[in-house]
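Heads up: the structure comes next, in structure tokens.
The values are calculated or read from the model by the stated rules, or taken from the named source; none is laboratory data. Please read all numbers here as calculations on a predicted model, not as lab measurements. Glycine gets a Cβ as well: all are built from the backbone with ideal geometry, and neighbour counts include every protein chain shown.
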Amino acid sequence: LIHKVMPLDQCLFMDGLLTEGDLREDHLYLYETYVGAAVAIHLELPQLLSASQLLAVTRAAKDDFDDARERYPEWAANWYPYERVLRRDLELARETLNMADDFRPLQDTRTLLDEAGDPFRHFSESLR
């Protein structure tokens, strides 16, 4: 597993020679979230990470992200890129686990802060 911190085509060593598919063929997986990493492990080596363990990772990642957003509402405008990536990987996990109804989706930051009684309301209002 390799943490993907920038687009593959911008990596100096790659220079457009390989794709993520090429890397996967060599069992190298790029991920942007713990959920994405867990899905990759579960799909490739389910004996290493079971479905119940994948579910635990997804729930923990979602809970930790929600907790961080509630603790740092002043960063509300900065959460959106991370929210988008985590939402994508949570959806992938939901599809992998075939959990159509049993999986609560990630709330957008504005809704989460509104429901939490945001003490920094001016930050979440600026997102509207």
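Which residue out of ALA51, ALA60, ALA68, ALA38 is within 19 Å of LYS4 (Cβ to Cβ), of a type in the set (Gly, Ala, Ser) and at pLDDT 85 or above?
Result: ALA38 is the single residue among ALA51, ALA60, ALA68, ALA38 that is within 19 Å of LYS4 (Cβ to Cβ), of a type in the set (Gly, Ala, Ser) and at pLDDT 85 or above.
When ASP108 is evaluated against the numbered criteria (1) modelled with pLDDT of 90 or more; (2) surrounded by 12 or more Cβ atoms within 10 Å (Cβ to Cβ); (3) among the acidic types (Asp, Glu), which criterion, by number, is the only one it fails?
In the conditions (1) modelled with pLDDT of 90 or more; (2) surrounded by 12 or more Cβ atoms within 10 Å (Cβ to Cβ); (3) among the acidic types (Asp, Glu), ASP108 misses (1) alone.
Specify the residue that is farthest from THR109 (Cα to Cα); the eligible residues are those in segment 54-63 that are surrounded by 12 or more Cβ atoms within 10 Å (Cβ to Cβ) and not hydroxyl-bearing (Ser, Thr, Tyr).
Here the residue is LEU54.
Out of the residues in segment 72-102 that are more than 20 Å from ILE41 (Cα to Cα) and surrounded by 18 or more Cβ atoms within 10 Å (Cβ to Cβ), state the one that is modelled with the lowest pLDDT.
ALA76
Output the qualifying pairs, or none if there are none: Cβ atoms under 8 angstrom, residues six or more apart or on different chains, first residue in segment 30-53 and loosely packed, with under 13 Cβ neighbours inside 10 Å, second residue in a helix (DSSP H, G or I) and of a type in the set (Val, Ile, Thr).
Between residues of segment 30-53 that are loosely packed, with under 13 Cβ neighbours inside 10 Å and residues that are in a helix (DSSP H, G or I) and of a type in the set (Val, Ile, Thr), the close pairs are LEU48/ILE41.
Would you call GLU44 of a type in the set (D, E, K, R) and modelled with pLDDT under 80?
no
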